[in-house]
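First the structure, in the form of structure tokens, and then the observations on it.
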Amino acid sequence: MSNENNGKKGDILLDMRDIVIDGYSDDRWHEIVKGVDITLRRGEVMGLIGESGAGKSTLGLAAMGYARAGCRITSGSIMFDGEDLLAKTEEERRALRGTRIAYVAQSAAASFNPAHQLIEQTVESTVRRGTKSEAEAKADARKLYRDLQLPNPDTIGDRYPHQVSGGQLQRVMTAMAMSPRPDLIIFDEPTTALDVTTQVEVLASMKRIVEHFNTAAIYITHDLAVVAQMADSIKVLRYGETIEDAETRKMLDNPEKEYTRSLWSVRSIDKEEERSGDIILKVDHVDASYTGSAKVLDNVSIEVPRGHTVAIVGESGSGKSTAARAITGLLPPSKGQVLFNGKALPPALKERSVDQLQKIQMIYQMADTAMNPRHTVRDIIGRPLEFYLGLKGRARDDRLMELVEMIELNESFIDRYPAELSGGQKQRICIARALAANPELIICDEVTSALDQIVQKGILELLLRLQRELNLTYIFITHDIATVKAISDQIVVMLQGRVVEQGMKSEILSPPYPEYTELLLSSVPEMDPDWLTGLLKARSEGASATNR
Amino acid sequence: MNDNDKEDIIPSEAAELADQGYSAAGEVGVIKSRRTFTQNVWRGLKTAPPTAVFGLIVISIYVVFAVFAPLLAPFGEAEIFSMSYAPWSDEFMFGTDQLGRDVLSRLIYGARNTVGIAFVTTLFAFTIGGGLGITAAINNNGWLDNLLSRSVDVLMAIPSLIFALILLSMFGANTLNLIIIIAVLDSTRVFRIARAVSLNVVVMDYVEAARLRGEKMFWILYREILPNIMPPLVAEFGLRFCFVFLTIAALSFLGVGIQPPTADWGSMVRETAGLIQFAEYDFTAAMTPMLPAAAIALLTVAVNFVVDWFLHKSSGLKD
Amino acid sequence: MGLIRDNRRGGTVHPVIRTILQRLGLGLVTLFVVSLILFSSVEFLPGDFGEAVLGQAALPETVAAFRKELGLDLPLHERYFEWLGGILTGDMGNSFSGRGSSGGSDRSRPVIELLAPRLANTLFLASMAAIISVPLALFLGITAALYRNSIYDRTVNALTLTTISFPEFFVAYLLILGLSSFTKIFPSLANISPDALFWDRVYLTALPALTLTLVIVAHMMRMTRAAIINLMASPYIEMADLKGASKSEIILRHALPNAWAPIVTVIAFNLAYLVVGVVVVEVVFVYPGVGQLMVDAVTTRDVPVVQGCAMIFAATYILLNLFADIISIITNPRLLHPR
């Protein structure tokens, strides 16, 4: 099939030795990749995994002999199919890009040119290279669209990028990369921006087509479970250095480094669920909509028991964050009411008393934007102490210290600005700010999803400990099932503004499932290289069973 | 565990932290060395490009002249001598004008009048435009925001120099009218900028957090929003000042701006412009109208250089 | 998703046409508001302006007759529509100047008669400036953006930053000194007569046109550069680079189709700016255009003339911006190819 690949499987295709890459920031150059080696054979898929700042994207682009503006490759060698990319001229490297080495970007919506039809962009490199006529290349592109299971493969290419959904665009981009039949494709977080149910379909198409054409690939991601489905071997990076390097199964079964194990650390927490009949918050048949548009909450009822955690689960657009806005009064319900401790809360924020506001606190997904960058930690945590409890001077500072210690930080953090804190520390300060109000209920909106795994684990454990010590109630909004398992007692599953299912964790997470819950749960990648294959097999069997 | 992030932690050490066990306080934050405000200013000045240094020096000189005009000027602002159009001499360094007033003294007083009026006008424009812009942003898409934004759209559909000419013909040309008219017209542009930058801040979760806490509107505006929009607004102040300054100079040059006998650079150019015709016979005479014009140009260049540097610094690499 | 799509298909008008109609409507509303403001400028005149125009010696009857001629005895809205109707049919009333204390309008000329020849002159000057400056500015701006941070870019940048800081009259006098007073290449006064030949006109208009060009090029070049840099930072440009497209392909095939809207906006904005710049430049060079007429009228508070000139300037300004909007709309793929 790979007729143009003039080598056979097993030959070394890419050999990167001791790569050092500098990035420019704060008026000077910093090393962001510090001497990493990569060896990739024909037909092999390597997973590059690491958390934010690991330098994995930079390294992936370096495999194309490319450095972004503000980056430079300072030393090392990059041998691609026996030729030294760094010794070549920019023109020679350019001739390889898009033909023998292709790239699939994270944000397909931004990476397609809005002014051209998809098929024109798909065949651009192939036609430029001249191995196929435009008509042949387009016919081939339509075939690729079909192979990637895009709807209407014969006509979808005539559309413009903004006319196609995100998951479909990502597949068109895979077709674009595959069109010139490259030897190597770099996948740079191609499914990160997608919902889990879409992610499964895109992953499956990519896996199939890479295997079909026996193309070598580097798959960059921060999600170990995703890469486990795609890659033959995995390289773990941290701060620009290799931590561990192993064949996929071996790494999952028997990781050598503690850090590697920490990449799935959230999965190691499992909370014992508890039942309770003492309801602190009741969302009672609530409808809500933004002015003039369709209902974003449709007859939503949720009961939250005191001292326990209710997780609201759903994909983007399911209304889970809107539910939080309705509870806090930011979006007054158009129908129904919210009862707190048995009494109805005024629907709009403005009508609520300070006392009512104090009892319900909120923690946000992005700690970065949840704290004023011009306030110090002292201002941030001190304000609710002053505002709700009237604490001043010494009393305020004493309580401030207590809170900072409660979140496992220390005095040295008090006069820092948010920019001087790490992601996990920021989120801890946000937790302290919520605690400062002495709340009964805390709404946590995706509070861990922007954080690295090991940090997530720390935050979740902190929240669990605080719950035990202070008898706090949490509403935990998330799309991540591992997090749900780690923290919740009860689960509410939402889809398109409606509650599809709710109940105790053990009931929701075990069969029989309603249709959507099943789809959602089964789409979450597991730490098992055979999971995707197994799932697709089960689904196709299920489909043929119902067709019969 | 390293609790002191103030020093540069080499990330490879941090990578080992994971192997030693996890601690929240030991997590590596963005490494930044803390400096005091004065240290920052000093450091900024030392790394400033020559254009910005030039700009800062020029601005300081203008400020000194504006403040100490009566001490520095050899004669009074409107003091009339017997000889009009006197040539450059020891007594009258840059000669006298058509009425026999000392050009040098009028130039020095002009620093106070022309720059002062432009500065006051810009301040006034910022008070109106900035205040309304932030209010509109908080009221995003409410009736007030819509009313203000649409009115500004219409006002901005008329070129401001033309609009100023119409209004001056209606209300008459005097300094107070001039300040009010230019300030109101220019506040539309300030409104747009202030609204746009505030909108970026208003959507931040920390503003929502303050609203959820039950904070009053004023507190949110003053404590949460204002500190975060100051850098772009300061840069904009410089740009608007240049624009206002040039507009007033143009109007004065056209004879409908700052009125005599107030010493003003725009009017001075207009009053002595005829001398340019004699350049080949008497070069210094031809320079008489060029001096106030150059004074205007130099200050605007200086402010623009400083603003350019400031924008470059505060926006990182963004151009 | 499906619902939204159906709703949009249900609409009978293509989004491009709908958006253009919206903009046209908005432009008309703006013109209407401008006309209201201009109209009301007579209302705001102080009560004794009749005397001011006609002189102290005017008899009370004459003043009353003058007020009547202006229609000040009619109700406000009637007067407005009469005035608006007049403007639309080319009748802008009579100039205040030339009225003796007798108050008769025999020696005062209709505004339109004053305006028409001067409008032609102004358009001539503005077109000359535009023909030189638009291609020059686009060339400088695009090359500066492409060779960003090079010495060329920095030089052009510093030069244009300096030029935009100069008041127009300073640029004008510098040119007069350099190209007229000392070298006698061009005349310093551009008092063209109505029967001047085309090339004579060009020659006489050279200095004012050059002044305008310098000012406009600086602005336009900086805005073009910013727009192109912004465009070149788009992820799809990086993607084109990663697909092996050459520099010229990236520019012609990937950047250009998306660059029309920002570039046209820059051009229109600066041509509109030209409208304003023309006022000062005309005064410096004693060029018989609308700008000079308007400044004279403002000094003598000749309101009908001010109204006429302002209406012309405002309409040009609004039309240019409207034109830019429409170009942006018809080159926007999102509107051209709705979901």
Practice problem: Rounded to the nearest 0.05, what FRET efficiency do C:L197 and C:A120 give with R0 = 22 Å and r taken as the Cβ-Cβ distance? Could you check? | Solution: 0.90
Exercise. Compute the FRET efficiency between C:L319 and A:T197 as 1/(1 + (r/R0)^6), taking r as their Cβ-Cβ distance and R0 = 51 Å, and round to the nearest 0.05.
Key: 0.50
Quiz prompt | Computed lengthening from A:D397 to A:S334, 0.36 nm per intervening residue step minus Cα-Cα distance | solution = 18.4 nm
Quiz item: By the gyration tensor of its Cα atoms, with a ≥ b ≥ c the square roots of the eigenvalues, what is the shape of chain C: rounded for a/c under 1.5, prolate for a/b over b/c, or oblate?
Solution: oblate
Exercise. Return a whole-number percent for the relative contact order of region B:213-308, with Cα pairs under 8 Å and 6 or more residues apart as the contact set.
Key: 23
Quiz prompt | Label zone at A:E386 (point 7 Å along Cα-to-Cβ), backbone N below 20 Å, region B:199-238 | solution = B:206-230
Quiz item: Once label points are set 7 Å from the Cα along Cα→Cβ at both A:R68 and B:L144, what is their separation, rounded to one decimal in nm?
Solution: 4.0
Quiz item: Can you tell which of A:G130, A:M206, A:V227 lies farthest toward the positive end of the dipole of region A:12-253, using +1 and -1 charges on the Cβ of basic and acidic side chains (Lys, Arg; Asp, Glu)?
Solution: A:G130
Quiz item: How many angstrom lie between the C-alpha centres of region A:318-367 and region A:396-459?
Solution: 22
Exercise. At 0.36 nm per residue, minus the direct Cα-Cα distance, what do B:S82 and B:F54 gain on full extension? Give it in nm, one decimal, please.
Key: 6.1 nm
Practice problem: Would you grab the residues whose amide H sits under 5 Å from the one on B:T262? Only those 5+ places off in sequence or on another chain, please, with H modelled 1.01 Å from N. | Solution: none
Exercise. Could you pull out every whole DSSP H run in chain B that spans at least 15 Å of Cα extent along its own axis and averages 0.0 or higher on the Kyte-Doolittle scale?
Key: B:50-67, B:116-138, B:143-156, B:160-171, B:175-202, B:226-253, B:283-314
Quiz prompt | Chain lengthening between A:Y513 and A:N214 when straightened (0.36 nm per residue, less Cα-Cα) | solution = 103.9 nm
Exercise. Could you line up C:L252, C:L197 from fewest to most neighbouring Cβ atoms inside 10 Å?
Key: C:L197, C:L252
Self-check item: Where GluC sites (Glu not before Pro) fall in DSSP loop in region A:231-321, at most 11 other Cβ within 10 Å
Solution: A:E272
Quiz item: How large is the helix-only mean residue ellipticity at 222 nm for chain B, computed as the sum of -39500 (n - 2.57) over DSSP H runs with n ≥ 4, divided by its residue count, in deg cm²/dmol to the nearest 500?
Solution: -21000 deg cm²/dmol
Quiz item: So, with +1 on the Cβ of K and R and -1 on the Cβ of D and E, and no other charges, what is the size of the charge dipole of the protein assembly as shown about its Cα centre, to the nearest 20 debye?
Solution: 1340
Exercise. Kindly provide the chymotrypsin sites (Phe, Trp or Tyr not before Pro) of region B:161-239 that DSSP labels as loop, not H, G, I, E or B, and whose Cβ sees at most 15 other Cβ atoms within 10 Å.
Key: none
Quiz item: Helices from chain C with mean Kyte-Doolittle at least -0.5 and a Cα length along the axis of 30 Å or more, per DSSP H: which?
Solution: C:15-43, C:111-146, C:198-232, C:256-284, C:303-330
Practice problem: Among DSSP beta bridges whose residues both lie in region A:268-510, state the antiparallel percentage, nearest 5. | Solution: 55
Exercise. Could you pull out every residue, at least 5 positions away or on a different chain, whose amide H is within less than 5 Å of the one on A:V499? Hs are placed 1.01 Å off N in the peptide plane, and Pro or chain starts have none.
Key: A:S301
Quiz item: Can you sort A:C430, A:C71 so the residue with the fewest Cβ neighbours within 10 Å comes first?
Solution: A:C71, A:C430
Exercise. For A:V296, list long-range residues whose amide hydrogen, built 1.01 Å from N in the peptide plane, is under 5 Å from its own amide hydrogen.
Key: A:A288, A:S289, A:Y290
Practice problem: Can you tell me the FRET efficiency between A:A110 and A:R465 if r is taken as the Cβ-Cβ distance and R0 is 51 Å, rounded to the nearest 0.05? | Solution: 0.80
Exercise. Work from the charge dipole of the protein assembly as shown (Cβ charges, +1 for Lys and Arg, -1 for Asp and Glu, about the Cα centre) and give the residue of C:H219, B:F241, B:A52 farthest towards its positive end.
Key: C:H219
Quiz item: What's the exposure ranking of A:V377, C:V284, going from fewest to most Cβ atoms within 10 Å?
Solution: A:V377, C:V284
Practice problem: Run the quick spin-label model on A:R498 and A:S25: label points 7 Å from Cα toward the beta carbon, then report their separation in nm to one decimal. | Solution: 4.6
Exercise. Would you work out the relative contact order for chain B, in percent, from Cα pairs under 8 angstrom that are 6 or more residues apart?
Key: 20
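Quick note: the coordinates plus some simple rules give every number you see, no bench work behind them. These numbers were taken from a predicted model, which means no experiment stands behind them. All Cβ positions, even for glycine, are placed from backbone atoms using ideal geometry, and neighbour counts span all protein chains on display.
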